[in-house]
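The values are calculated or read from the model by the stated rules, or taken from the named source; none is laboratory data. What you are looking at is a predicted structure, and each value in this text was computed from that prediction instead of being measured. Cβ placement follows ideal geometry from the backbone for every residue including glycine, while neighbour counts extend to all protein chains displayed. Side chains are part of the model used for accessible areas, which takes the heavy atoms of the whole protein and leaves out ligands, DNA and RNA. Shrake-Rupley method; radii C 1.70, N 1.55, O 1.52, S 1.80 Å.
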Amino acid sequence: MLRRQRHIRTRVQQLIDSGLFTLAFWLAHAARANWQGLFFWERPEIQPFSTYAWLILVILLITPPLLEMQGFYDRPLLPARSQTLWQLFRACGWATLVVILASFLAREQPARGVIVLFGAISLLLVTIKEEIIRHWVLSKLGQDQIKRRLLLVGAKEDTNPERARLRDQSENGVEILAEVDLGDTPLKRLVDMLHEHSANGVMLSAKHTMFGQVEKVIQACELEGVEVWLLADFFKTQISQTTLDDFDGRPMLVFRCTPEASWQSVGKQVLDAAGAGILVALFSPVMLAVAMLIKLASPGPVLFRQQRAGLNGKPFTMLKFRSMVTDADQRKHELEILNEMSGPVFKVTNDPRITPIGRFIRKFSLDEFPQLINVLRGEMSLVGPRPLPLEEVRRFDDLAHRRRLSVKPGITCLWQVSGRNNLHDFRDWVRLDLEYIDNWSLWLDFKILFRTIPVVLLGTGAK
């Protein structure tokens, strides 16, 4: 895992741990106040929580450094449980001592039962959090989210020791999909392997005498929107931003033409998860009504499932409410002469395959609601380039168009609020997607989401 990603992960962990320690203090006071019979050795009276609320600030400030002192944030992604428990036990003990000392100096010491419970509940809550993270990391969904799928590229004498080192450090969040020997592998074959493996990065380890070939690899990855990790000097690039990072303490140059890991990217993940969850809860009656209408009005399944190209072209099953007849795919070739879009995509006004109910739900984008499930599964984002069917991606005649696959696909995007389906040139579609990628910010996502609301309500440009 790159240093920047480790830094963000650590900061998120620190915020969560501080919150859990604070929650533990409140729960300890609530338990002592409501279950007085369990603390028979103390007086039943206890001061209200507001008297000790100032200790929250103390707990928030001391939690990260105390855990840091125990090496809690220097652990591998899947540490031994015994190591985690021992580090937590010591940190909770120190936190309890600091709370006792601070309250003693302020002459407002909580009941002894509160102090004891604070340490125990803190240990319990953070342990539960660690087990949840462990379960997520070991799950297929977690592996898909955190694993960097890389091709190892270079001369064999360079890649062999690198492969061995990565194999010995199996918990570094990196999966080597394949090795490519630059000495006898054509550039076109490397590009084909990027497509075949849905790789989201290339690790280059090459000699100085091979820098000419390395530069061609970097330029090819630029067109693909794929990150390059290079143990070498800088090279001239057209799009990529070059940043210096480190991988397990070794200098690493990263050529990136997509948004880098940052607090904004964490915010986007939070926005996706929270936004999709809230929308599913709010519109579940509408989704149920749409499902019933489709079932009653048209024979066949309620949901339409199709393989689409996700992040870096990785296939995933996109969900939609079915708006066409069940044999729509078989009849597509009959309508290809009516295709209104240039390039590999297919769009037809007044498509005869659309059912009456389908025409209504398409107009107001109700057919897209099941994609909120794709967002919750981490396969899509609320905002991003629309995912295309795999067959349309294979027909890209310009490799630069694949750079739109370098970010997660979304339910709404810039071109949908800039004319929606009124665009007829695929190059304009790609241009708007790349404009979104190159200028991405969390604020831009919010603006696109707000601009999507009137477009959906008015059914602007729907087909």
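Tell me whether the range 386-409 contains one or more residues that are surrounded by fewer than 21 Cβ atoms within 10 Å (Cβ to Cβ), over 24 Å from the mean Cα position of the chain (by Cα) and farther than 24 Å from D192 by Cα. No: zero hits.
For the range 363-374, the condition of being within 28 Å of the chain's Cα centre (by Cα), surrounded by fewer than 20 Cβ atoms within 10 Å (Cβ to Cβ) and either more than 30 Å from Q264 (Cβ to Cβ) or of a type in the set (G, A, S) (or both) holds for at least one residue.
Of all residues in the range 410-428, those satisfying the criterion of being in a loop (DSSP other than H, G, I, E, B) and either open to solvent by 30 Å² or more (accessible area, probe 1.4 Å) or at pLDDT below 85 (or both) are W415, Q416, V417, S418, G419, L423, H424, D425. The set of residues in the range 48-62 that are at pLDDT below 85 and surrounded by 12 or more Cβ atoms within 10 Å (Cβ to Cβ) comprises F49, T51, Y52, A53. Any chance the range 145-156 includes a residue that's under 23 Å from G173 (Cα atoms), of a type in the set (A, V, I, L, M, F, W, C), more than 22 Å from the chain's Cα centre (by Cα) and surrounded by 16 or more Cβ atoms within 10 Å (Cβ to Cβ)? Looking through the range 145-156, at least one residue is under 23 Å from G173 (Cα atoms), of a type in the set (A, V, I, L, M, F, W, C), more than 22 Å from the chain's Cα centre (by Cα) and surrounded by 16 or more Cβ atoms within 10 Å (Cβ to Cβ). Within the range 337-359, the only residue that satisfies the criterion of being crowded, with 18+ Cβ neighbours inside 10 Å and either of a type in the set (F, W, Y) or at positive phi (or both) is G343.
With the structure loaded, tell me whether P110 is of a type outside the set (G, A, S), in contact (Cβ under 8 Å) with a residue 24 or more places away in the chain, part of a loop (DSSP other than H, G, I, E, B) and surrounded by 14 or more Cβ atoms within 10 Å (Cβ to Cβ) or whether it fails that test. Against the criterion (of a type outside the set (G, A, S), in contact (Cβ under 8 Å) with a residue 24 or more places away in the chain, part of a loop (DSSP other than H, G, I, E, B) and surrounded by 14 or more Cβ atoms within 10 Å (Cβ to Cβ)), P110 qualifies.
Out of R134, R81, R148, R90, one residue alone is at pLDDT 85 or above and closer than 30 Å to K314 by Cα. It is R134.
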